[in-house]
1. From the list TYR245, TYR226, which residue is away from ligand 2 (no atom under 14 Å from the Cβ) and not aliphatic (A, V, I, L, M)?
2. If you take the residues of the range 293-333 that are acidic (Asp, Glu) and either more than 21 Å from TYR43 (Cβ to Cβ) or modelled with pLDDT under 90 (or both), which of them is farthest from ligand 1 (Cβ to nearest atom)?
3. Among the residues of the range 225-250, which ones are within 16 Å of ligand 1 (Cβ to nearest atom) and at pLDDT 90 or above?
4. Which residue, of ALA261, ALA291, ALA316, is among the aliphatic types (A, V, I, L, M), closer than 21 Å to LYS32 by Cβ and more than 10 Å from ligand 2 (Cβ to nearest atom)?
5. If you go through the range 281-292 one residue at a time, how many are under 16 Å from GLU12 (Cα atoms) and within 8 Å of ligand 1 (Cβ to nearest atom)?
6. Of all residues in the range 122-157, count the ones that are aliphatic (A, V, I, L, M) and in contact with a Pro (Cβ under 9 Å, 6 or more places away or on another chain).
7. Name the helices (runs of 4 or more DSSP H) wholly inside the range 91-172 in which the number of residues that are at pLDDT below 95 and surrounded by 15 or more Cβ atoms within 10 Å (Cβ to Cβ) is 3 or more.
8. Considering only strands (runs of 3 or more DSSP E) fully contained in the range 1-87, which possess at least 1 residues that are touching a helix residue (DSSP H, G or I) at 6+ places or on another chain (Cβ under 9 Å) and at pLDDT 85 or above?
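The values are calculated or read from the model by the stated rules, or taken from the named source; none is laboratory data. Note that the coordinates shown come from a computational prediction; the quantities given were computed from them, not determined experimentally. Glycine gets a Cβ as well: all are built from the backbone with ideal geometry, and neighbour counts include every protein chain shown.
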Amino acid sequence: MTTKNRYDLDPERLATTDEHGNRVYLYPEDVKGKWKSLRMKVYWGLILVYLVLPWIYINGKPSLMVNIAKREFTVLGQTLYGVEPILFFLLLVSGLFFIAFMTTVFGRVWCGWGCPQTVFIQSIFLKIEALIEGKARQRMALDAAPWNFEKIWKRALKWFVFSVISLHIAHTFIGYFVGPKELFVMTMQSPGEHFGIFTATMILSAIFLLDFGWFREQFCLIACPYGRIQSVMMDENSKVVAYDYKRGEPHRGSQGVSKEAEGDCVNCYNCVKVCPTGIDIRRGTQLECIACTQCIDACDDIMTRLKKPTGLIRYATEVELKGESKKKTIRPFIYLGVSLIFVASFFMFLKNSEKPQLVFLRGVGAPFLISEEMITNKFTLKIKHQGDTRFPIRIEIADPLYMDKISINASENPIELDRAEKKVFIFFKFKMGTFETGSKMVKLNIVEANTNELITTKEVPLVGPIN
Ligand code: SF4
Ligand code: SF4
């Protein structure tokens, strides 16, 4: 099929593919409008979160850090120690169901408004490209031009700036896992001293550079799994960026249609020219639409100039466009409910796991030692502690009958819960003949040393010679 211009797309193939299957590089035009300015505010807010937050310290700790090796999770100056992988699992599943809820109600809002891919490309990389190479037409002409001096310096400058920004993004990303101060110290040293971190940072920088600088919309169209599955979550009640075909069609220039019978669409292709994935939204909701709202602003601009009402392209549901009344569906509420259940499980699990877990393991060798009429039982106490507080605990004999008869010596008592996992050696000493049968399960109280508040109780089997 022949098309009139590069924006009159072939319905049989992707806008970014030619008849031979090769990539058609896009030069999306810039746009101004209320949605664009709102989006830019959101983008810059997110850039602050993505790029600056981990470098800010609160209470002497990074604002956000996930130390996988130590199983520590720091957020806004509070650290959870010994974080169990199940907590991440619960948060992840909750997040997935929340995204499903958002997609069902608001369509692909994440792609257009929050995804780092869109945020970085739209607010940084495309801006730099336009600054160095000019507007869409100039960029297209530069691409087609032979390698002259202008093309060489513009390309070299563009890729140099892209590389610096990609390096910064990659360093920030790695900073989320190793801590910004530690990362800064590492970068001051020879790469050989931290070869793993250095290699990971370089590979990530290269990925960001290629993706944000060149691959761009192809990632959304080909590689992103969310892009593939979002159509399953959306239905006719989902708010999407949509073309009001009842108002717009038949568009200007449609075959066999008189001027009087034409709809409001003047077939200017501005909605296609600004689209970062190159599609024509007038053909209906498409998998390639990332809901960036560029086409809304482009079309509103034309409608304003033509003194027609804006909103020929707008956020709308399919049901609204058809003029039908909203259909009731419980699907979004199910997604939201499941998400909330997982969030609640996260907090319940967190609360329960804040209690230190103690395991008494009998020491190797003889079960008891006798010295000067005294029996000693040696134990290794393994403690797991997860939470954001550090406090000392004390081990006491709970049974009043044995309080004065059994003494507890420990390599540390009170025991400071200052890390996720700890081992302490405990020695229980008692006189020969303390237990009539030679052994006894003795109850222990584990109390918080500062407040004497009971945390938990434990039992240990103490043994001695049979009388
Ligand atoms: S169709 Fe509109 S909202 Fe969708 S990606 Fe293109 S410009 Fe963005
Ligand atoms: S920008 Fe509006 S008027 Fe122009 S082609 Fe797109 S829908 Fe039609």
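1. Working: TYR245 fails: away from ligand 2 (no atom under 14 Å from the Cβ).
Testing whether each residue is away from ligand 2 (no atom under 14 Å from the Cβ) and not aliphatic (A, V, I, L, M) leaves just TYR226.
2. To start, the set of residues in the range 293-333 that are acidic (Asp, Glu) comprises 297, 300-301, 318, 320, 324.
Filter once more, keeping what is either more than 21 Å from TYR43 (Cβ to Cβ) or modelled with pLDDT under 90 (or both): 318, 320, 324.
Details: GLU318: 15, GLU320: 17, GLU324: 23 Å.
Step by step, filter the range 293-333, then rank; the result is GLU324.
3. SER238, LYS239, VAL240, VAL241, ALA242, TYR243, ASP244, TYR245, GLY248
4. Working: ALA261 fails: closer than 21 Å to LYS32 by Cβ; ALA316 fails: closer than 21 Å to LYS32 by Cβ.
Unique residue meeting the criteria: ALA291.
5. Going through the range 281-292 one residue at a time, the tally reaches 3.
6. Kept after step one, since they are aliphatic (A, V, I, L, M), are these residues of the range 122-157: 124, 126, 128, 130-132, 136, 140-142, 144-145, 152, 156-157.
Checking which are in contact with a Pro (Cβ under 9 Å, 6 or more places away or on another chain) leaves us with 126, 136.
Residues meeting the conditions: 2.
7. Numbers: elements: 109-113, 116-120, 126-133, 136-144.
The qualifying helices (runs of 4 or more DSSP H) are 109-113.
8. On the way: elements: 64-67, 72-75, 78-80.
The strands (runs of 3 or more DSSP E) meeting that bar are 64-67.
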